[in-house]
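Novice: Okay, handing you the structure first.
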Amino acid sequence: MKMTFTSSTIAILLASLQVLSAFEFGCYVKNEDPDLVREVKTHDRVWENPELMKSVFGDLPDVWDWRNIKGQNYLSPIRNQHIPQYCGSCWAHGATSAIGDRFIIDQSKVTGWVDPSLMLSVQHVLACANAGTCHGGEFTPVYKYMYKTGIPHETCNNYQAADQQCTGFNKCGTCWGFGDCSPVKNYTSYKVSNYGELSGRDDMMSEIYTGGPLACCVHATQKLTEFEGGAVYQEYVPYAQADCNHIVSVVGWGQDDKVGEYWVVRNSWGHYWGEEGWVRLPTSAAFPNSTTKSGNDYNLGIERSCGWADPILQEW
């Protein structure tokens, strides 16, 4: 029997294939542990009390970008999760980059100077946090690990894009000669006092403005991997179909003449990708003059699930 397909059927099949392609390289795996504590909160967040938020901070600005606050960058460097070999560790990169930024921001309030070079050890997270592997993971268990144990600096265990056992050396180690390698016992662990999850444009903006960047889920596609920058990224993925398969960090928002409001998003695919490692995605309030386009259908579901944590600063 000969089968015929209408143009609309073909479009649906192509969209389905794209969704399957997205999940093939996805690096998000939801943690199904029933004992996972998804929130530790010793006080209300500002976004839980909009009236208090407005009385203390006023109206949020139209543009807020932690890469450039009065000419100062407060963010840690762009990284590449896929070298020296492929590793689906976006969950660890997104989580550690966002909280690393918050350490930089909060430390600057104490010292009066900014050090945007801080990088937490993603490799330590892969080895010891029990939050995921090179085949995927989730950001909340990373923050739970930081609450309980803490993560050391990148120089304790440099990124190798590989799963490891949690040995003393893989927690933090060094070598003083060929064959002369051993664990480091006295090192700084970066910990957090609170952590949790949120969703939605307004709460995201309030948390970013008052606390710092967030780790967020997106629906990554093959088209996204090919993005070369130059414009706000727009790809039609209906909000109901935008399932999380990749973790990024959201560091602010801005305005575009054509799109309107967009999120400023850091990826972990290297400096060569996108806009020097970055991508701008429409917020749910984008396309204000359009009667047919919804921002949530063009932002890869980025407002659906995000994570935050509060740093515990070190005493030097």
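The values are calculated or read from the model by the stated rules, or taken from the named source; none is laboratory data. No experiment lies behind these values; they were computed from the predicted model shown. Glycine also receives a Cβ, built like all others from the backbone with ideal geometry; neighbour counts cover every protein chain displayed.
Novice: Residue check: is Gly196 of a type in the set (Gly, Ala, Ser) and either touching a strand residue (DSSP E or B) at 6+ places or on another chain (Cβ under 7 Å) or under 23 Å from Arg79 (Cα atoms) (or both)?
Specialist: Working: of a type in the set (Gly, Ala, Ser): yes; either touching a strand residue (DSSP E or B) at 6+ places or on another chain (Cβ under 7 Å) or under 23 Å from Arg79 (Cα atoms) (or both): yes.
Yes, satisfied.
Novice: Among the residues that make up the range 74-81, is at least one of them surrounded by fewer than 16 Cβ atoms within 10 Å (Cβ to Cβ) and modelled with pLDDT of 80 or more?
Specialist: Start the filter on the range 74-81 by keeping residues that are surrounded by fewer than 16 Cβ atoms within 10 Å (Cβ to Cβ), which leaves 77.
Now drop any that are not modelled with pLDDT of 80 or more, which leaves 77.
Yes, the conditions are met somewhere in the range 74-81.
Novice: Let me ask something additional. Quick check, is Gln123 closer than 24 Å to Cys166 by Cβ and surrounded by 14 or more Cβ atoms within 10 Å (Cβ to Cβ)? Outline the logic, then answer.
Specialist: Working: closer than 24 Å to Cys166 by Cβ: yes; surrounded by 14 or more Cβ atoms within 10 Å (Cβ to Cβ): yes.
Spelling it out, Gln123 is indeed closer than 24 Å to Cys166 by Cβ and surrounded by 14 or more Cβ atoms within 10 Å (Cβ to Cβ).
Novice: Could you list, ordered by first residue, the pairs with Cβ atoms under 6 Å in which the first is in the range 42-62 and at pLDDT below 90 and the second is part of a helix (DSSP H, G or I) and among the small types (Gly, Ala, Ser), at least 6 apart or interchain?
Specialist: Val46/Ser206; Trp47/Ser206; Met53/Ser206
Novice: Identify the residue in the range 245-273 that is within 20 Å of Tyr159 (Cβ to Cβ) and small (Gly, Ala, Ser) and, among all such residues, is farthest from the chain's Cα centre (by Cα).
Specialist: Step one: list which residues in the range 245-273 are within 20 Å of Tyr159 (Cβ to Cβ), which gives 246-249, 266-273.
So of that shortlist, the ones also small (Gly, Ala, Ser) come out as 249, 268, 270.
Numbers: Ser249: 3, Ser268: 9, Gly270: 14 Å.
Checking each candidate, the answer is Gly270.
Novice: Would you call Thr283 over 30 Å from Tyr187 (Cα atoms), at pLDDT below 95 and not aromatic (Phe, Trp, Tyr)? Walk me through it before giving the result.
Specialist: On the way: over 30 Å from Tyr187 (Cα atoms): yes; at pLDDT below 95: no; not aromatic (Phe, Trp, Tyr): yes.
So Thr283 does not fit the description; no.
Novice: Gly112 versus (1) in contact with a helix residue (DSSP H, G or I) (Cβ under 9 Å, 6 or more places away or on another chain); (2) at pLDDT below 95: which is the lone unmet condition?
Specialist: For Gly112, the exception is condition (1).
Novice: Being touching a His at 6+ places or on another chain (Cβ under 8 Å) and either more than 22 Å from Gln81 (Cβ to Cβ) or buried (at least 18 other Cβ atoms within 10 Å of the Cβ) (or both) narrows it down to one residue among Trp269, Trp263, Trp253; which is it? If you could, list the steps in order and put the result at the bottom.
Specialist: Values: Trp263 fails: touching a His at 6+ places or on another chain (Cβ under 8 Å); Trp253 fails: touching a His at 6+ places or on another chain (Cβ under 8 Å).
Only one candidate passes the filter, namely Trp269.
Novice: Cβ-Cβ distance below 6 Å, separation of 6 or more or different chains: which pairs start in the range 85-107 with a residue that is outside any helix (DSSP H, G or I) and end on one that is at pLDDT below 95?
Specialist: Between residues of the range 85-107 that are outside any helix (DSSP H, G or I) and residues that are at pLDDT below 95, the close pairs are Gly88/Cys27.
Novice: Here is a further query. For the range 153-161, indicate whether the set of residues that are under 28 Å from Glu48 (Cα atoms) and touching a residue at least 40 places away in the same chain (Cβ under 8 Å) is non-empty. So that I can check it myself, show each step before the final result.
Specialist: From the range 153-161, those under 28 Å from Glu48 (Cα atoms) are none; that's our starting set.
Looking through the range 153-161, none of the residues is under 28 Å from Glu48 (Cα atoms) and touching a residue at least 40 places away in the same chain (Cβ under 8 Å).
Novice: Now for a separate question. Out of (1) more than 16 Å from Ser268 (Cα to Cα); (2) out of contact with any Leu (no Cβ under 8 Å at 6 or more places or on another chain); (3) among the aromatic types (Phe, Trp, Tyr), what's the single condition that is false for Phe227?
Specialist: All conditions are met except number (1).
Novice: Can you name every residue in the range 22-80 that is assigned to a helix (DSSP H, G or I), more than 27 Å from Thr221 (Cα to Cα) and among the small types (Gly, Ala, Ser)? Don't jump to the end; show me each part of the working.
Specialist: Taking the range 22-80 and keeping what is assigned to a helix (DSSP H, G or I), we get 22-24, 46-48, 50-57.
Right, trim to more than 27 Å from Thr221 (Cα to Cα) and you get 46-48, 50-57.
Of everything in the range 22-80, just one residue is assigned to a helix (DSSP H, G or I), more than 27 Å from Thr221 (Cα to Cα) and among the small types (Gly, Ala, Ser), namely Ser55.
Novice: Taking Trp269 as meeting all but one of (1) in contact with a Ser or Thr (Cβ under 8 Å, 6 or more places away or on another chain); (2) of a type in the set (Phe, Trp, Tyr); (3) without any contact (Cβ under 8 Å) to a residue 60 or more places away in the chain, write down the number of the exception.
Specialist: Result: Trp269 fails condition (3) only.
Novice: Out of the residues in the range 232-269 that are of a type in the set (Ser, Thr, Tyr) and outside any strand (DSSP E or B), state the one that is nearest to Ile78 (Cα to Cα). Lay out the reasoning, then the answer.
Specialist: Initial filter on the range 232-269 (of a type in the set (Ser, Thr, Tyr)): 233, 236, 239, 249, 262, 268.
The next check asks that each one be outside any strand (DSSP E or B); those that pass are 233, 236, 239, 268.
Values: Tyr233: 19, Tyr236: 26, Tyr239: 28, Ser268: 7 Å.
That would be Ser268.
Novice: Among the residues of the range 286-303, is any within 25 Å of Gln81 (Cβ to Cβ) and outside any loop (DSSP other than H, G, I, E, B)?
Specialist: No, the range 286-303 contains no residue that is within 25 Å of Gln81 (Cβ to Cβ) and outside any loop (DSSP other than H, G, I, E, B).
Novice: Every residue in the range 272-284 that is buried (at least 21 other Cβ atoms within 10 Å of the Cβ) and at positive phi, please.
Specialist: Scanning the range 272-284 gives a single hit, Gly274.
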